[in-house]
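To keep things clear, I will list the structure first and then write my remarks on it.
The values are calculated or read from the model by the stated rules, or taken from the named source; none is laboratory data. It should be emphasised that the depicted structure is a prediction, and the values quoted were computed from it without experimental measurement. Neighbour counts are summed over all protein chains in view; Cβ atoms, including those assigned to glycine, are modelled from backbone coordinates with ideal geometry.
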Amino acid sequence: MPRPPRIEPSGDVVARIGRTALTLPDAYEEDAWTGVRWRVRGRTFAHVLVAQEGYTSAYRDVTGISEPATVLTFRSSGDGLLALTHAGPPFYLPPWSPTVVGMVLDGEPDWDEVAELVTESYRFCAPQKLRQLLDG
């Protein structure tokens, strides 16, 4: 049976994340194998995609939910990671990295929270010089 066509995240979601991500020092946006990712010095600090049937999906594997879902993955550490680990939906923990967290963006996400999580993920991935620029 052939795979269904890939569903890409909405332009509005990509633009909202990009408004935060692209203000960060040396951050850039690029198309990923699916969806869009934001990187600093070659390290991905945010990735938005649609998890859907017919394609490998940590979200679907973890939750068992088969309906398409727009998800954001980002990095976290310390107390923030601990809090997100226990938060439950809309958060989930992909099994492929102990520092990556996923968040479902369908419905009415808290865009201020999304901006904060993307910024903290950038801090996790960026070299010290760039973090210092961010802190001003």
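Scanning region 85-130 for residues that are of a type in the set (Phe, Trp, Tyr) and touching a Leu at 6+ places or on another chain (Cβ under 8 Å), which turns out farthest from Ser10 (Cα to Cα)? That would be Tyr122. Residues of region 68-80 include none that is under 16 Å from Val104 (Cα atoms), exposed (fewer than 13 other Cβ atoms within 10 Å of the Cβ) and without any contact (Cβ under 8 Å) to a residue 12 or more places away in the chain. Looking across region 1-50, the residues that are in contact with a Phe, Trp or Tyr (Cβ under 8 Å, 6 or more places away or on another chain) and farther than 27 Å from Ala126 by Cβ come down to Arg3, Arg6.
The residues listed here are Tyr55, Tyr28; of these, the one that is out of contact with any helix residue (DSSP H, G or I) (no Cβ under 7 Å at 6 or more places or on another chain), within 21 Å of Ala115 (Cβ to Cβ) and of a type in the set (Phe, Trp, Tyr) is Tyr28. Can you tell me which of Glu53, Glu113 is closer than 29 Å to Arg3 by Cα, surrounded by fewer than 13 Cβ atoms within 10 Å (Cβ to Cβ) and acidic (Asp, Glu)? Unique residue meeting the criteria: Glu53. Return the residues of region 42-82 that are out of contact with any Pro (no Cβ under 6 Å at 6 or more places or on another chain) and at positive phi; say none if nothing qualifies. Within region 42-82, Gly42, Gly64, Gly78 meet the criteria.
Condition check ((1) closer than 20 Å to Thr70 by Cα; (2) of a type in the set (D, E, K, R); (3) part of a helix (DSSP H, G or I)) across all residues:
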site	(1), (2), (3)
Leu84	yes, no, yes
Ala87	yes, no, no
Trp96	yes, no, no
Gly102	yes, no, no
Glu108	yes, yes, no
Val114	yes, no, yes
Leu117	yes, no, yes
Ser121	yes, no, yes
Leu130	no, no, yes
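Checking each residue of region 46-60 against the condition of being at pLDDT 95 or above and more than 15 Å from the chain's Cα centre (by Cα) gives no match.
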